[in-house]
Amino acid sequence: MRLKDKVAIVTGGARGIGQAIAELFAKEGATVIIIDLLPQGQHVAEDIIASGSVAEYHAVSVTDKIGIDTLFENINTTHGKIDILINNAGITRDRTLEKMSMDEWDAVIDVNLKGVFICSQAVAPYMKANNYGRIVSAASNVGLRGNFGQTNYAATKAGVIAMAKTWTMELGKFGITANAVAPGFTLTDMVADIPEAHLDAIKASIPLKTAAQPIDIAYGYLYLASDEARFVSGICLTIDGGTAR
Ligand SMILES: NC(=O)c1ccc[n+]([C@@H]2O[C@H](COP(=O)([O-])OP(=O)(O)OC[C@H]3O[C@@H](n4cnc5c(N)ncnc54)[C@H](O)[C@@H]3O)[C@@H](O)[C@H]2O)c1
């Protein structure tokens, strides 16, 4: 029980990597608060409760500053603290540089970058009050190496890594660590539209010759959210089968 009695918020916890994080953290003893726009987040929370752990689902967008501020205040009041924030919610709107619309640029910046900022800013006072905190945010190996057709997405994922390093300096004296996780190609709904032939090519390009499952990534989040990682801050943990070297 590596997260016994911890209160953990997981954004984007309704499916994919976020769902795996929510379920793993619950198994490790955390009270898990899922924030997502998809109603299936409620089912994820109910399944966790059925397995004997504690979970809640809240339908709020990470881009909604007032909604997030209000929700985090309520969570802190109800549970007495917030120990862990997992900024996992993210979207893609892929297009090459010259074809990308301002709407596509803005949508990805809003969720992947501004959403991480909004949630982290909202949680900081509660973590400071407790002299304890773990903020772990979703980067991507694309944020380290770029990717064809992902100007917007790559920029946000590089930004997430830089924000973690910045918060390490600002919040470290309050017992708060800030880190990023950079997954490589992971089999979730986010990549479900990729044609089979292209999927095979992607797998062949990965040194370990396979794609990640969500749980492979969730274990990295667990480490950075645990007490065991108390001296780890400002890093980007790449979990990508050896792709970004
Ligand atoms: N799948 C991959 O190959 C991969 C690789 C590297 C990084 N990542 C990153 O990992 C994270 C999770 O990816 P995934 O593959 O599980 O994606 P996913 O699309 O399966 O899940 C993302 C979740 O975020 C939620 N979400 C989106 N916008 C939101 C908003 N405004 N407010 C609240 N919730 C919102 C979605 O509803 C969804 O449940 C993302 O940040 C993604 O960029 C994924």
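The values are calculated or read from the model by the stated rules, or taken from the named source; none is laboratory data. The shown structure was predicted, so the numbers you read here are calculated from the model rather than taken from an experiment. Cβ atoms come from the backbone with ideal geometry, glycine included; neighbour counts cover every protein chain shown.
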>> When you check GLY90 against the structure, is it under 30 Å from PHE148 (Cβ atoms), surrounded by 15 or more Cβ atoms within 10 Å (Cβ to Cβ), near the ligand (Cβ under 10 Å from one of its atoms) and at pLDDT 95 or above, yes or no?
In response: yes
> Quick one: how many residues across region 96-133 are within 16 Å of the ligand (Cβ to nearest atom) and in contact (Cβ under 8 Å) with a residue 12 or more places away in the chain?
Replying inline: 18
> When you scan region 136-164, how many residues do you find that are under 23 Å from LEU222 (Cα atoms) and within 14 Å of the ligand (Cβ to nearest atom)?
Replying inline: 17
>> Can you tell me which residue is nearest to the ligand (Cβ to nearest atom) among those in region 1-19 that are in a helix (DSSP H, G or I) and surrounded by 24 or more Cβ atoms within 10 Å (Cβ to Cβ)?
In response: ILE17
> If you scan region 189-198, which residues turn out to be in a loop (DSSP other than H, G, I, E, B) and more than 10 Å from the ligand (Cβ to nearest atom)?
Replying inline: ASP193, PRO195
> Has region 199-214 got at least one residue that is in a helix (DSSP H, G or I), modelled with pLDDT of 95 or more and under 14 Å from the mean Cα position of the chain (by Cα)?
Replying inline: yes
> For the subset of region 20-57 comprising residues that are part of a loop (DSSP other than H, G, I, E, B) and of a type outside the set (Gly, Ala, Ser), which member is farthest from the ligand (Cβ to nearest atom)?
Replying inline: GLU28
